[in-house]
Every structure is written in C-alpha cells, then in structure tokens.
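Visitor: Provided herewith is a single structure, encoded as structure tokens, for subsequent inquiry.
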Amino acid sequence: MASMATLFVNTPYHSHSFPKPSSAHFAPVLKLSTHLGSKPRNRQRLRISNGLIEPDGGKLAELFVEESKKGETKKKAAALPRIKLSRIDLQWVHVISEGWSSPLRGFMRESEFLQTLHFNSLRLDDGSVVNMSVPIVLAIDDAQKRRIGQSTRVALVDSDDNLIAILKDIEIFKHHKEERIARTWGTTAPGLPYVDQAITNAGNWLIGGDLEVLEPIKYNDGLDRFRLSPAQLRDEFTKRNADAVFAFQLRNPVHNGHALLMTDTRRRLLEMGYKNPILLLHPLGGYTKADDVPLSWRMKQHEKVLEDGVLDPETTVVSIFPSPMHYAGPTEVQWHAKARINAGANFYIVGRDPAGMDHPTEKTDLYDADHGKKVLSMAPGLERLNILPFKVAAYDKTQGKMAFFDPSRPQDFLFISGTKMRTLARNKENPPEGFMCPNGWKVLVDYYDSLVPADNDKVPEAVPA
C-alpha cells in the first residue's frame, strides 16, 4: 500500500513536535449567501474563508512530553500507581493526545463528564461552548482505586507494561454505567457493541485528569503512516493551498455512490467560489464491531478506488481517524463532526443514519435515519461547521451506474444495501457493473473469502480494528 501513501501524504511524524500550519496563499474572501443542502441552519451562513478553520478552543491540545523531559518523566512514573490500559483505552489516549478532542486535555473529570452526558457540550472558561457528545473516560475498579490512595498522579501502561502516559491532578468519581449508557445510546437494551466491549465489565469508578503522553501512539500494523494527526492534516491542507476542506467519514468500503457524493460536493463548492476544495477521506480506525470489514481490508479497498481513478488523488487526502466506534447515532455523529473541525475541516458530509445500527433486540433501526443530519444542524458548538446532507444515491438501471435518485422514476433505481453487498461478496458474485470499481470489489471478495471455514468448520472471527 506504499503507493497510496506516496500519492496522498508523505509527512513524517515528529514524536515531540507541535507543528503549526505554515503561511500559504488562499483564494480571496468572497461573500456568498448560497447554502448547500436542503435546509440551512439559521445560525450561520456559508462563506468563503481565506484559511483553515480554527480548532475548538483556538489551539490544538497536543499532549506529548518534550524530548528533554522524557527521562525525568519516566523516573517519576516508576514510583506511581499503575493503571493498565485496554486496547480501547489506548485508542482514546491516541485521540486525546493528538488534539482530536481539543480543548480536552485528558480523560474527563466529573464536571466534563456531566456536561457531556446532559448537554453534549463543554463550557469553557471564557463562556464559549464547544461540542462534546460522547464521554471520553477511563474506568478503574475498586482494587485500583485502593492502590491509588491519596496519590495525585498515576502511570498509564499498555498490555505489555510499557509506559504510555502520566495522568496528573486526578479526580476519581462514581461510574454510573446505566445513566451513561441510557444518555449516550438512548436505550439500555442488551447487545450494544461498545457497551459490551468497554462498559459492562469495566470498573465502577472513573478517573479523570490531565495527560502527559510519552510518545505518539503506534500500532505497528503497517498502517501507522496513514494515521495523521490534526496538526499533520492541517499542514497537508496548507501545502495544497486548500481554501475549503470537506470531510467524509466511513467505516465501510467505498462504492461509486459514495464517490458520486464526494465528487458532487467538490463541484458544488467550486460553483460557490472556492478555488481548491480538498476532500478528507477519513475512515474510522478505532474499535469497530466484529462483523464490520476490518480496517486493513478497508484501506486496501480504498487504495484500489484511488488507483482506479474513482477519486482524484490530487484533491483527496486519505487518513485514518483513530477514534473507537460507539454506534450511538445522532449523539455520536456530533463527535465525528467536532473532531474534524480540529483537523481543519469546515464542511462535513452526513448521510442516512450516521453512526447507526440495527436495534439489538428488535427488528428495526435503533435510530431514525434522518435524525443525525437534523441534530448536526442544531448541535451546540458546531455552528462554525457547514453540514452537507447526503443526496440519496442508488444504482440507475437505465444508465448502468450510480446516480442521484430521481423520485419521478423510482422503478429505474436499485438500492443495494450493505447487507446485500456483503452477501454478494461472500458468494463471490458481482454487483451490477458501475456499482463499485472492479479492483475494489475484488478486495471485498478476497476479505470474505478469507473467512471461509477452516478444517475445523469454524469461521475465523473478524478482528476488531
């Protein structure tokens, strides 16, 4: 996959530096009142900007220890109580330390946790409000709480006991799991993937504090070169003289309907007066449920989409978003949008049922399919972000390709659901020509072929990202 890395980003990761966007020439400011989408939010107008959008709080919260202080930090950590991080905990350290959750500077203390649960936002010292819709917290059990005692700091270590960070000025408070689940997901029904994975068996206490992270988080899975931080992405957009950045998140393979939405968005931005809008194609790379296509296979598929020219590499940046997935619908999509502000995006494409899933116990969707885009248009702290609702794309049988749905001739369109797509791939059947680029489809078929039952007749489990 080196070819995709070369095409889109070639930025080294400096483990202790805090890069700032360099000066660049942007298109001149133009005053336009044109709105994208069916119903613009009343609180703002789309306008041409002459620079990247500022991070929440005005500055990225990058939390890495300076090189000159690493030795001292390690010595201090040796004497501290230790908390072993789960894989999802480590992903959250990754998210916080690079500034995706700016202005948050560590795992949430109780006041931040309560504001997130009840208001989906945080009020800053200057009175301004930033969006924060999912709790970013670290759970500990009774035994860990006793070991911490009166200490004001703890050392965070990975599964191999390697020091990852120090959490300082700590605050320990009760982990009200039922309230957290009910307010985040809108239900306490059994079978919610993130709940089962990260909350149900977690400790009954939460520990918050400020993070000092020793090194950027690496996974050594061959994909670290695609995990660009918000600062690195901002540098990349600046190098490309971007005067608009539109973000598209996905956790599925890219088909030609997705590509149509992205290329049409760029066309509309150009018509508005932007000179060089850049697409951030941003697959989610943290925890996903086991029946989702794993990240490594999705990245292979995205590579083929770009190699086949479905998207233009000159105007596309491919990077991995390190956040774990909650499947919390309208609540979670706010987090996805807010994090992209911190990466420099001022436009966010939102589709049908974003971050949604089937109800775990009933035969229905867990969330209304339209609520995600409606909530984004009203969410506190997202006023600076321009929300671009999906147009509905489907397979047009008369043209033999993906096209925007025309309600005047519904009989001409075929909707291929994710379930249908997976079934075709498992059965090594081809979708209609024009649904997905052939090489991208082959990657999907190869993935499901890798799940063929082994000699013991057991299907290998998909490994969560």
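Visitor: Listed residues Ser128, Ser111, Ser121; which is among the hydroxyl-bearing types (Ser, Thr, Tyr), at pLDDT 95 or above, open to solvent by 10 Å² or more (accessible area, probe 1.4 Å) and more than 28 Å from Ala244 (Cα to Cα)?
Guide: Sole residue among the options that is among the hydroxyl-bearing types (Ser, Thr, Tyr), at pLDDT 95 or above, open to solvent by 10 Å² or more (accessible area, probe 1.4 Å) and more than 28 Å from Ala244 (Cα to Cα): Ser111.
Visitor: Output the residues belonging to region 381-427 that are of a type in the set (Phe, Trp, Tyr), open to solvent by less than 60 Å² (accessible area, probe 1.4 Å) and touching a residue at least 24 places away in the same chain (Cβ under 8 Å).
Guide: Passing the criteria: Tyr395, Phe404.
Visitor: Based on this model, can you work out whether Glu212 counts as charged (D, E, K, R), over 18 Å from the mean Cα position of the chain (by Cα) and open to solvent by less than 40 Å² (accessible area, probe 1.4 Å)?
Guide: no
Visitor: Which numbered condition in (1) closer than 30 Å to Asp221 by Cβ; (2) at pLDDT 90 or above is the only one that Ala462 fails?
Guide: Of (1) closer than 30 Å to Asp221 by Cβ; (2) at pLDDT 90 or above, only one is false for Ala462: (2).
Visitor: Then there's this: Is it true that some residue in region 177-191 is out of contact with any strand residue (DSSP E or B) (no Cβ under 6 Å at 6 or more places or on another chain), within 30 Å of Lys75 (Cβ to Cβ), assigned to a loop (DSSP other than H, G, I, E, B) and among the aliphatic types (A, V, I, L, M)?
Guide: No: zero hits.
Visitor: Shifting gears a bit: Given (1) under 30 Å from Ser450 (Cα atoms); (2) modelled with pLDDT of 95 or more, identify the lone condition not met by Glu383.
Guide: (1)
Visitor: Identify all residues within region 147-158 that are more than 17 Å from Val137 (Cα to Cα) and among the charged types (D, E, K, R); write none if there are none.
Guide: Arg147
Visitor: So if I check each of Lys59, Lys39, Lys74, which one is of a type in the set (Lys, Arg), more than 26 Å from Phe321 (Cα to Cα) and modelled with pLDDT of 50 or more?
Guide: It is Lys74.
Visitor: Can we say Gly191 is in contact with a Phe, Trp or Tyr (Cβ under 9 Å, 6 or more places away or on another chain) and open to solvent by 10 Å² or more (accessible area, probe 1.4 Å)?
Guide: Judged against the criteria, Gly191 is not a match.
Visitor: OK, next. What number of residues within region 358-372 are without any contact (Cβ under 8 Å) to a residue 60 or more places away in the chain and closer than 11 Å to Gly329 by Cα?
Guide: 7
Visitor: Let me ask something additional. Kindly provide the set of residues from region 108-137 that are among the polar types (S, T, N, Q) and either over 16 Å from Arg384 (Cβ atoms) or assigned to a loop (DSSP other than H, G, I, E, B) (or both), ordered by number.
Guide: Answer for region 108-137, where residues must be among the polar types (S, T, N, Q) and either over 16 Å from Arg384 (Cβ atoms) or assigned to a loop (DSSP other than H, G, I, E, B) (or both): Ser111, Gln115, Thr116, Asn120, Ser128, Ser133.
Visitor: Does Asp161 count as surrounded by 14 or more Cβ atoms within 10 Å (Cβ to Cβ), in contact (Cβ under 8 Å) with a residue 24 or more places away in the chain, of a type in the set (Asp, Glu) and over 17 Å from Asp141 (Cα atoms)?
Guide: No; evaluated as a whole, the condition is false for this residue.
The values are calculated or read from the model by the stated rules, or taken from the named source; none is laboratory data. Since the structure is predicted, the reported quantities are computational estimates derived from the model, not experimental observations. Heads up, the Cβs are rebuilt from the backbone with ideal geometry, glycines too, and the neighbour counts pull from every protein chain shown. Accessible surface areas use protein heavy atoms only, side chains included; no ligands, DNA or RNA. Shrake-Rupley method; radii C 1.70, N 1.55, O 1.52, S 1.80 Å.
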